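I have placed the structure first, in the form of C-alpha cells, so that the comments after it can refer back to it.
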Protein chains: 2
Amino acid sequence: MAEITAQAVKSLRDATGAGMMDAKKALVEADGDAEKAVDILRVKGQAHAAKRGEREATEGVVTSYLHSTGKIGVLVEVDCETDFVARNEDFQEFAREVALHIAAANPWYVSEEDVPEEAKQAELRIFEEQAADKPENVRPKIAEGRLRKWLDEIVLLRQPHVNSDRHEGRTIEVIRTEVAAKTGENVVIRRFARFQVGEE
Amino acid sequence: MAEITAQAVKSLRDATGAGMMDAKKALVEADGDAEKAVDILRVKGQAHAAKRGEREATEGVVTSYLHSTGKIGVLVEVDCETDFVARNEDFQEFAREVALHIAAANPWYVSEEDVPEEAKQAELRIFEEQAADKPENVRPKIAEGRLRKWLDEIVLLRQPHVNSDRHEGRTIEVIRTEVAAKTGENVVIRRFARFQVGEE
C-alpha cells in the first residue's frame with residue numbers, strides 16, 4: 001500500500017479540480033498511482049473544470065430541495081467563476097430549479113462523460129441483442145439510437161426540465177447555457193446527491 | 001454452552017452491522033441462537049446497520065442543512081421502521097441535528113464499517129512509520145491508538161456532537177441510541193452527502 005502524501009493530493013487536485021477528500025480517496029483507491037487516480041475521479045465525475053478545458057468554476061452555491069413528503073431530498077452544487085455571480089438571483093434560481101428537477105426526474109449522472117464506459121457498453125450489447133431480428137446492416141444504427149435515448153433518460157444535462165410550462169421542453173444543458181450567457185461566466189453543475197427513503 | 005464459531009460471529013455481523021465483540025457477546029448470551037442474538041443486539045442498540053438486518057429500517061426521512069453562506073450543504077437520510085416514527089418530532093429533530101453536525105464536523109463515513117479496509121491499512125502504515133523512533137515493542141500500540149483517534153475524527157458515529165452545550169460531548173452514536181430507545185425503533189443514519197464549494 002503506497003503512502004498518500006499531502007503533496008500527491010495537492011497535485012491531483014490541481015490537475016483535476018477535485019476536492020481534497022475526493023482526491024485522497026481516489027489516490028487510496030489507485031494505490032498511489034496518480035494517473036489511475038485521475039481516471040477514477042473522471043469516472044466518478046469529480047474531475048470537472050480541468051477535463052473540459054474550461055475556465056475554472058471555483059465559486060458557486062450549494063442548495064437543496066426537499067419533497068414535502070420528507071421522503072425525497074436533493075443536494076446540488078452549481079459552480080461559477082466569481083462570488084459576485086454566485087450571489088446573482090438568476091444563478092441561484094437556476095440552482096434551485098436544477099435541484100427540484102433532479103428530485104422529480106431522478107437522473108443518474110450529470111453529464112454523458114460521467115457515465116462509466118462499461119455501463120455504456122453493457123447497454124449497447126443489450127440493444128444490439130434486441131435488434132437481432134433486424135437486417136444486419138441497420139442493427140448498429142438501431143442500437144446507437146437506443147443508446148442515445150437511454151442517455152437522454154439518465155443524464156441530467158440531456159433531460160428536458162420537468163417544469164415544461166416554464167421551460168417548454170428545453171434541456172437542463174440548454175438552460176445552463178442560457179444562465180452562462182446571462183451571467184457571462186462558465187456555469188457548471190458540479191455534482192448532486194438524491195436520496196429517497198426505501199430505495200436501494 | 002454452545003460453541004461460538006467465527007462463522008457464526010461473521011454471519012451475525014453481516015446481518016446486523018454490529019461490531020465483532022458485540023456480536024460475539026450477544027451470541028454467548030443467546031447460547032449460540034442467532035435469532036436471539038439479533039434481538040439482544042437490537043435491545044442494546046448495537047444492530048445499527050439494520051439495512052441488512054431483519055427488522056428493516058425502511059421508513060425514514062431525508063433532510064438537509066444549508067449553511068447561511070450558501071457554500072456548504074448537507075443531505076442526510078435517517079431511517080426508522082414505521083412512518084409513524086418517521087413523523088415523530090424527536091426523530092426529525094435528530095435528523096436535522098445530524099445534518100447540522102455533518103456540515104460543521106465534516107465526517108468522511110457514517111460508521112467504522114464504511115471505512116475501506118485499504119484506507120485503514122494505509123493510515124496504519126503511516127502511523128507505524130511515525131512511531132519508528134519508539135521502542136519496537138510499543139510501536140503497534142502507539143499506531144493502534146493513533147488509528148483509533150483518526151477514526152474518531154472521520155467517522156460520524158464516533159464524533160461528539162458539535163453542539164456541545166446541548167449534547168455535552170456525547171457522540172452521534174450515543175444520541176442515536178437514545179432516539180432509538182425513545183421511539184422504540186431501530187434508528188439508522190443511512191447515508192449523507194456534504195458538498196462544499198471549492199472543498200477547502
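Some notes on this structure:
- Relative contact order (percent, whole number), region B:89-200, Cα cutoff 8 Å, 6+ residue spacing: 31 percent
- Accessible surface of the protein assembly as shown, 1.4 Å probe, proportion on carbon and sulfur as whole %: 50 percent
- Remark: relative contact order (region A:130-176) = 22 percent; criterion is Cα-Cα distance under 8 angstrom and separation of 6 or more residues.
- Net lengthening on full extension, A:Glu89/A:Arg166 (0.36 nm per residue, minus Cα-Cα): 26.0 nm
- Qualifying chymotrypsin sites (Phe, Trp or Tyr not before Pro) in region A:82-131, DSSP loop, other Cβ atoms within 10 Å at most 10: none
- Once the C-beta distance of A:His67 and A:Glu113 is scaled by a Förster radius of 22 Å, the resulting FRET efficiency is 0.15 to the nearest 0.05.
- For region B:118-147, a reduction of at least 30 Å² in accessible area between the chain on its own and the assembled protein chains (probe 1.4 Å) is found at B:Glu118, B:Ala122, B:Arg125, B:Ile126.
- Exposure of A:Thr69 as accessible area (Å², to 10), given a probe of 1.4 Å and all protein chains: 80 Å²
- Mean residue ellipticity (222 nm) of the protein assembly as shown, computed from DSSP H runs ≥ 4 via -39,500 (n - 2.57), nearest 500: -15000 deg cm²/dmol
- Radius of gyration over Kirkwood radius for chain A, both on Cα atoms: the Rg/Rh ratio is 1.02.
- For the protein assembly as shown: Kirkwood Rh in Å [reciprocal of mean 1/r, alpha carbons]: 23.6 Å
- Only Cα pairs under 8 Å and 6+ residues apart enter the sum, and on that basis the relative contact order of chain B stands at 23 percent.
- Lysine pairs within chain A, Cα separation less than 17 Å, 8 or more sequence positions apart or different chains: 14
- At 0.692 mPa s and 37 °C, Stokes diffusion of region A:97-185 via Kirkwood alpha-carbon radius, µm² per second: 225 µm²/s
The values are calculated or read from the model by the stated rules, or taken from the named source; none is laboratory data. Treat the numbers as computed from the prediction; the structure is a model and nothing was measured. Cβ coordinates were reconstructed from backbone atoms using ideal geometry, including for glycine residues, and neighbour counts include every protein chain displayed. Note: accessible area is taken over every heavy atom of the protein model, side chains too, but ligands, DNA and RNA are not part of it. Shrake-Rupley method; radii C 1.70, N 1.55, O 1.52, S 1.80 Å.
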